[in-house]
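The values are calculated or read from the model by the stated rules, or taken from the named source; none is laboratory data. Quantities reported herein were computed from a predicted structural model and do not represent experimental measurements. Please note: Cβ atoms are built from the backbone with ideal geometry, for glycine as well, and neighbour counts cover all protein chains shown.
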Amino acid sequence: MIREALTVILISIGLVFMLFGVIGIFRFKDFYSRILISSKVETVGFITLMAGVVIKYGFTYFSLKILLICLVVVITNPLSTHAIARSALISGFKIKEEK
Amino acid sequence: MKKVINYTTMIVIFTILWVILNESATLFQILIGIIVSIIAIYFTNSYLLLDDYIAYYYVKTFVLIKYLIYLIFQIYKSGISSIGQIIRGDSKVIIIEYESCLNDELSICLLANAITLTPGTVTIDKKGNALKILCFEGNNEIKDAFDVEVCSKFEQILKGRK
Amino acid sequence: MSFYQIVLLVIAFFTAMVIIRVIMGPTIWDRLLGLNMVSAKIIMSIVILAIIQDSSFLLDIALVYAFLGFVGTVFIARFIERRGNL
Amino acid sequence: MLEKVFLILTVVLAIISISTTKLRRAVIYLGLFSLVISFTYLLYSAPDVAIAEAIIGSALSTILYLVALKKFQVFTIYYTNYDYNEINYDHVTVRRGQILKDIEKFYVDREMEPQIIYTTENFKHILKTKNYDLLIYQKHSDFYIYGFEKDYQLDAIEGYFMNEDHGNLDINIIRCKEGEYNDA
């Protein structure tokens, strides 16, 4: 019973984080601040939601697979953010002088 | 001797992955897993890499766990600070350069990965051990963390990789 | 309507919002960012769907998506960065 | 309800991806389309089709389209301004939008792929270091277009701006020799 309640609370918190990520990509006016904010909030929401699911299932193969997915996403999500930002920088899309 | 222990750890980790993907932990399945992981490591060693597998990709298990726990703590810290940033809506971006005190490839890549996930920063470019970091202008937290002479916490953790 | 179906609907709504950003987006990199976010959201919806149907083979599909969305995004970013030299 | 949301999204993405004029955008829209439609297959309980669609549509055909686009030349156009803070004035912004729209239309009519990049760097720096095809430099209300001497498109651009009525834009076209400024 308490496990079920904890699951519901964690998944709701994850949804709130994702809501802020979606607000972030509409609120900021230039590309670099959008990419700084949104991808990170995404990852936080993802991990919270997955933690909720893991608590629901306990120690089974289901939750172990979910942990595997979490590990893959935590490694690949910053890599693709990095690739997009680097491609924008090298193409010369520049906002402010370097220091 | 050290090499044997390292390879055994890798084989154990790969076998655990095999068992998770197959969803059954019978003796037969574990045996197949061990054989498949030995073949995989041998193939990677002899055909895909110039050097040994261990020299490139080995991270001590203890260091990896410490890194992951500290990373998750930092991710949550960063998520909460980003929400404040979204509500305030200020958006002045600058690029700073940061020289890391690590000097092997995998550690620098892990550091860049961690920087991308921590508050208000994205790594953009890497040349040797100098990283270009994109961050918000008025963010004092970053200045404290990266303008110091000594290594940051992540680097201290990653230094004991081998 | 159970709790998980409501969660799935909310994620679908978020996906629609991100796709609006992709269609609006002034630069091509905004569109790429949207592609990245949509693929993360699709992975989440597959996990929730696996809970509803209580079948763990759907998680394998989520794993495949996690690898493939990454490959597509990185290739397109690299293509734009080198102006046509893959 | 849920199926309806995703079905509407697939239709919208399909229509947009065939009606856009820029091919690289169409590749991104097609990647999104295959992600969304494969989730729809999952909703209609066809996981085998979904996994095939994910592999073929999202990874393989994206790479195939990109390899095909390699043959298709991309024109890089840099836009820079004399004083970047000035860009807020309505008068200047409207003129900028006008010239960029015209040049984009010029290239799209000839079935080429323009890529416009806004930067804040000094134009001399771009001339020296970046690998450009065309550089548009705006000083108050005058426009300077830098291009290469051997590029036959430059004459066509000049003719394009002379023939048709484009308001009263002041356009100067400057031809550089190959490698005169450019070290890259």
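Would you check which residues across the stretch A:17-66 are more than 10 Å from chain B (Cβ to nearest Cβ) and part of a loop (DSSP other than H, G, I, E, B) and list them?
Scanning the stretch A:17-66 gives A:Gly58, A:Phe59.
Of the residues A:Ile23, A:Ile35, A:Ile84, only one is more than 30 Å from B:Val19 (Cα to Cα) and in contact with a strand residue (DSSP E or B) (Cβ under 7 Å, 6 or more places away or on another chain); which?
On the way: A:Ile23 fails: in contact with a strand residue (DSSP E or B) (Cβ under 7 Å, 6 or more places away or on another chain); A:Ile84 fails: in contact with a strand residue (DSSP E or B) (Cβ under 7 Å, 6 or more places away or on another chain).
Answer to the selection: A:Ile35.
From the set of residues in the stretch A:19-34 that are closer than 28 Å to C:Val7 by Cα and of a type in the set (A, V, I, L, M, F, W, C), which is surrounded by the most Cβ atoms within 10 Å (Cβ to Cβ)?
Filtering first and then ranking leaves A:Ile25.
Please state which one of D:Val49, D:Val94 is outside the structural domain of D:Gly159 (by TED's automatic domain parsing) and either at pLDDT 75 or above or surrounded by fewer than 14 Cβ atoms within 10 Å (Cβ to Cβ) (or both). Explain how you work it out, then say what you get.
Values: D:Val94 fails: outside the structural domain of D:Gly159 (by TED's automatic domain parsing).
Residue meeting the stated conditions: D:Val49.
Of (1) modelled with pLDDT under 70; (2) more than 12 Å from chain C (Cβ to nearest Cβ); (3) surrounded by 17 or more Cβ atoms within 10 Å (Cβ to Cβ), D:Val74 satisfies all except one. Which?
All conditions pass for D:Val74, except number (2).
Out of the stretch C:35-68, which residues are among the small types (Gly, Ala, Ser), facing chain A (nearest Cβ under 8 Å) and under 14 Å from A:Ser80 (Cβ atoms)?
C:Ala40, C:Ala66
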